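**Student:** Starting off with a structure, shown below.
The values are calculated or read from the model by the stated rules, or taken from the named source; none is laboratory data. All figures in this text were calculated on a predicted structure; none of them were measured in a lab. With ideal geometry, Cβ positions are generated from the backbone for all residues, glycine too; neighbour counts draw on all protein chains shown.
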Amino acid sequence: MEQPNLTRRTLLASIPVATAVAALPAVAATASADSGLAQAFAAYQRIKAEADHFHKAICDPAEALWEKRCAAIPHVTTTRQFKLAGNGEMTPLCTAEEASVEIARHIVSICRNTSNDDYVECCRELVAAADERDAQIAKAREELNIDELGRRSDSYVDGKYAALRDIEDYPVTSPSDLLRKIEMLRENFGEDEVCDDWMLTDLRRIEGRA
């Protein structure tokens, strides 16, 4: 399932050190929490909880079952054989060999019905078997609604990205709110991805927490 190229460092790197430093002299150390920032946090937590539940309870089990069903579809070895150019031994082809299937499709498309060569006939049998196996895989995919689940998963990824952007872009006006913002992001994305430790140290000192 395709996902936006969202790295923690890319998303969070735009929290500017200069903004925090410039804000310090004008704001009291006991500034109250910004309700808008709290709402942005809550919005992210809601969509994250929904996404986690969707993947754990619905999407992941369906994909695991689909993979299990695909694995249970047997590969086919052709009954026809052809003579190897190197040693003259007769050998079949098998759908488990993806390269052989790809080459066989190319050979069949070129030769069509103009050749009864053993290798071409073997390729035709292989392509027919591969098509039948692909149809069974597609049927399992449709029955388990894999494509729709993938679209829903992508939608959750987009929603989480948008919620994180709202947090990142929220215009905090006090060191206390910036501290809460940074700590929340660090809690979700790791100690090394948000800002330098000195910023947190300065903000905690202003808050009377250092």
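**Student:** Restricting attention to the stretch 52-91, which residues are under 40 Å from the mean Cα position of the chain (by Cα) and aromatic (Phe, Trp, Tyr)?
**Tutor:** Phe54, Trp66
**Student:** Assuming Leu84 fulfils every condition listed in (1) in contact with a Ser or Thr (Cβ under 7 Å, 6 or more places away or on another chain); (2) touching a residue at least 24 places away in the same chain (Cβ under 8 Å) apart from one, which condition is it?
**Tutor:** So Leu84 meets the others, but not (2).
**Student:** Spot the failing condition for Gly159; the list is (1) in a helix (DSSP H, G or I); (2) without any contact (Cβ under 8 Å) to a residue 24 or more places away in the chain, and only one is missed.
**Tutor:** All conditions pass for Gly159, except number (2).
Residue by residue, here is whether (1) modelled with pLDDT of 50 or more; (2) under 30 Å from Asp147 (Cβ atoms) holds:
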| residue | (1), (2) |
| --- | --- |
| Ser14 | no, no |
| Val21 | no, no |
| Ala28 | no, no |
| Ala31 | no, no |
| Asp34 | yes, no |
| Lys48 | yes, yes |
| Ala51 | yes, yes |
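**Student:** Follow-up question, since we're still on this one. Does any residue in the stretch 112-124 that is farther than 15 Å from Gly88 by Cβ and at pLDDT 85 or above come within less than 7 Å, Cβ to Cβ, of a residue that is part of a helix (DSSP H, G or I) and of a type in the set (A, V, I, L, M, F, W, C) six or more places away or on a different chain, and which pairs are these?
**Tutor:** Within 7 Å, the pairs are Val120/Ile107; Val120/Cys111; Cys123/Ala104; Cys123/Ile107; Cys123/Val108; Arg124/Val108.
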